[in-house]
């Protein structure tokens with residue numbers, strides 16, 4: 001999980017992070033502690049460690065890393081917009097750590113239901129969240145910028161939280177290296193100069209020129225490794241496991257979704273930091289005790 005304190009609409013990412021840690025500790029039922037890997041700004045690691053450990057999570061193993069442990073001092077990573085930095089961390093850190101299967105998190109997530117090491121596995125493959133590729137322009141933008149192809153009619157890996165594997169993250173860096181490019185430098189360059197950025201109606205804000213999940217999906221698909229690690233979307237749709245809550249809040253217009261719903265099958269609730277909903281209000285609205 002990447003974290004930058006004093007970020008979001010109210011600068012309360014630290015409080016959101018503590019809420020996530022507390023909820024994971026409450027709902028993790030695995031046989032061994034859940035390992036949460038947290039990547040921080042170098043100057044904030046002590047503050048992040050102190051804030052997170054004060055939660056007193058007994059079912060978690062908390063691992064803290066400075067950004068500089070994954071990115072050299074002269075890396076263009078440090079010049080990259082925070083949105084893309086978060087995405088780079090989710091691709092690069094797991095590959096370097098070799099953590100195997102993992103769940104991606106941001107600070108604006110709350111765990112709602114119990115889960116364990118078998119919850120997101122079916123037939124020895126990962127159960128992931130998928131969505132129509134035509135919902136986001138970052139699929140086309142990633143194709144144009146990185147020389148990739150994919151069938152836009154099909155579904156692709158959805159946004160955080162989602163299940164990925166570090167083996168396939170390694171393949172992303174390899175993809176660029178095989179073409180004589182440094183992965184981070186190329187991805188940064190695309191955020192500055194892109195051959196043709198597309199924007200879809202309804203996306204709002206600035207369209208992303210690439211996303212971590214679209215790159216992971218398309219590169220793994222091209223290398224023939226995706227289906228060896230992930231349950232196909234048509235199979236996932238028939239399973240009862242659902243990572244995302246149906247009450248997710250993506251913006252201010254969605255705040256009305258935050259209400260008690262004991263039948264919500266989703267394990268994780270997203271309330272985007274920029275929606276401006278205080279932590280206390282989130283808990284009050286959904287009746288989280």
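Note on the chain: with a GNM built from Cα contacts shorter than 10 Å, the maximum mean-square fluctuation among 15, 46, 74 falls on 74. For the pair residue 78 and residue 154 in one chain, pulling the backbone fully straight at 0.36 nm per residue adds 23.9 nm over the alpha carbon distance. Remark: C-alpha extents of the chain on the principal axes read 51, 45, 39 Å, sorted largest to smallest.
Divided by 2.2 N^0.38 Å, where N counts the residues, the Cα radius of gyration of segment 122-234 comes to 1.04. Mean projected area of the Cα convex hull of segment 46-128, taken over all directions, amounts to 7.1 nm².
Given a Förster distance of 41 angstrom, what is the FRET efficiency for residue 232 paired with residue 50, based on the Cβ-Cβ distance and rounded to 0.05? Rounded to the nearest 0.05, the efficiency is 0.45. Model label sites at residue 178 and residue 96, defined 7 Å from Cα along the beta-carbon direction, differ in position by 2.3 nm. Bridge orientation summary for the chain: considering DSSP beta bridges with both residues in this region, about 45 percent are antiparallel.
Its residues counted as N, segment 123-173 yields a C-alpha radius of gyration over 2.2 N^0.38 Å of 1.23. For segment 217-289, what is Rg from Cα atoms divided by 2.2 N^0.38 Å, rounded to two decimals? Relative to the rule-of-thumb radius for its length, segment 217-289 sits at 1.45.
Using only alpha carbons, segment 1-112 has a radius of gyration to Kirkwood radius ratio (Rg to Rh) of 0.95. The share of alpha-carbon pairs in segment 162-289 lying farther apart than 19 Å comes to 65%. Given R0 = 25 Å, the distance between the Cβ atoms of residue 59 and residue 281 translates into a calculated FRET efficiency of 0.40. How big is D, in µm² s⁻¹, for segment 101-150 by Stokes-Einstein at 25 °C and 0.890 mPa s if Rh is the Kirkwood radius over C-alpha pairs? Once the numbers are plugged in, D ends up at 174 µm²/s.
Each value in this text was obtained by applying a stated rule to the coordinates, not by laboratory testing. The model shown is predicted, which means the values in this text are computed figures rather than measured ones. Note that we place each Cβ from the backbone using ideal geometry, even for glycine, and neighbour counts take in every protein chain shown.
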